[in-house]
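Computed from the coordinates by the stated procedures, all read-outs in this text should not be read as laboratory data. If you're wondering where the values come from, they're calculated on a predicted model, not measured in any experiment. Positions of Cβ are backbone-derived with ideal geometry, glycine not excepted, and every protein chain shown enters the neighbour counts.
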Amino acid sequence: MKLLKFLKSKTFLINLVIALTIVALLIVGVVKSLHAITNQDQKIEVPDLTALTLDEVKIVLDDLGLDYKVLETGSYNPEIPKEAVLEQEPQVGAIVKEKRKIYVTINPDGYAQAPIPPFYGKTKKEIVQLIINSGFTIGTYEEVDDIGTVVRGLKFKGQALESGDMLPKTSTIDVVIGNGQLR
């Protein structure tokens, strides 16, 4: 009975209103502070960095208040200058805040090197698959007099190749193959 009487008293109701007002003001203050601290009103559109050098990327992003980090070098793309940006994350047009890092992948100096696979004695069909799977392209076929119709050598720009020699990927390799005739 005393509790019910206290809950209906003027003192309790005044204290309840004061407490609720303080809690409401604290909530509003925290929300406003977080909004200001986290720059919720700030919107920066991510520019297109593709084909820019790292020096150019730094200038562009510094002007916008953004930062960058190089993740790695990607697969060589001959249409983009060496040491220029291939890809970026976040993507072009994304909305970010100040000091956000833009992660970039750069174009390497050239195609990666790959070893010449073992080739001697392979058939034409086998060598085609080996060369393509190794990242090279097939050039011309040069037939030589040989009793077998198998590979007798590989050439790059007229120079004979050995198994294990390193060449840039996408290089064109010429195949020397026996014609099945012994003269």
Notebook entry, point to check: In whole angstrom, how far apart do the alpha carbon centroids of the stretch 114-159 and the stretch 1-63 sit?
Noted result: 69 Å
Next item on the list: Just add up the charged neighbours of ASP63: K/R +1, D/E -1, any other residue whose Cβ is under 15 Å from the Cβ of ASP63.
Entry: -4
Note to self: Only four residue types carry charge here, +1 at the Cβ of Lys and Arg and -1 at the Cβ of Asp and Glu. Report the dipole size of the chain about the Cα centre in Debye, rounded to the nearest 20.
What the structure shows: 1840 debye
Next item on the list: For the chain, with a Gaussian network of springs between Cα atoms less than 10 Å apart, report the residue from GLY158, GLY121, GLY65 with the top mean-square fluctuation.
Entry: GLY158
Check: With a sphere of radius 12 Å drawn around the Cβ of ASN133, what net charge do the other residues whose Cβ falls strictly inside it have (Lys, Arg +1; Asp, Glu -1)?
Finding: 0
Next item on the list: Compute log10 of I(q)/I(0) for the stretch 113-178 with the Debye formula, placing one identical point scatterer on every Cα and leaving out solvent, at q = 0.16, 0.25 Å⁻¹, to two decimals.
Entry: -0.43, -1.08
Check: Under a GNM of the chain (C-alpha, springs under 10 Å), which listed residue has the highest mean-square fluctuation: LEU26, LEU61, LEU13?
Finding: LEU13
Checklist line | Simple label model, 7 Å out from Cα along Cβ direction - LYS32 to ASN15, nm | finding: 2.9 nm
Checklist line | Cross-link reach list, aspartates and glutamates versus LYS43, counting only Cα pairs under 16 Å and skipping chain neighbours closer than eight places | finding: ASP62, ASP63, ASP67, GLU98
Note to self: Let me test this: with uniform point scatterers at the alpha carbons of the stretch 44-106, what is the Debye-based log₁₀ I(q)/I(0) at q = 0.12, 0.20 1/Å?
What the structure shows: -0.25, -0.68
Item checked: Likely footprinting exposure, LEU7, LEU66, fewest C-beta neighbours within 10 Å first -> LEU7, LEU66
Next item on the list: Once you've got the GNM for the chain with C-alpha springs shorter than 10 Å, pick whichever of LEU49, LEU71, LEU34 has the biggest mean-square fluctuation.
Entry: LEU34
Checklist line | Local electrostatic count, GLU87, Cβ distance below 15 Å [Lys/Arg +1, Asp/Glu -1] | finding: -3
Check: What pairs from LYS10/LYS32; LYS82/LYS125; LYS122/LYS169; LYS69/LYS169; LYS69/LYS157 go past 29 Å between their alpha carbons?
Finding: LYS10/LYS32; LYS82/LYS125; LYS69/LYS157
Checklist line | the chain: translational diffusion in µm²/s, Stokes-Einstein, Kirkwood Rh over Cα pairs, 10 °C, 1.306 mPa s | finding: 69 µm²/s
Note to self: Per DSSP helix of 4 or more residues, -39500 (n - 2.57); summed, then divided by the residues of the chain. What does that give at 222 nm, rounded to the nearest 500?
What the structure shows: -9500 deg cm²/dmol
Note to self: Please list 3J(HN,Hα) in residue order for the stretch 143-151, calculated via the Karplus relation 6.51 cos²θ - 1.76 cosθ + 1.60 where θ = phi - 60°; whole Hz, with x for glycine and proline.
What the structure shows: 8, 10, 5, 7, 5, x, 9, 10, 5
Note to self: Suppose we keep just the DSSP beta bridges with both residues in the chain; what percent of those would be antiparallel, to 5?
What the structure shows: 60 percent
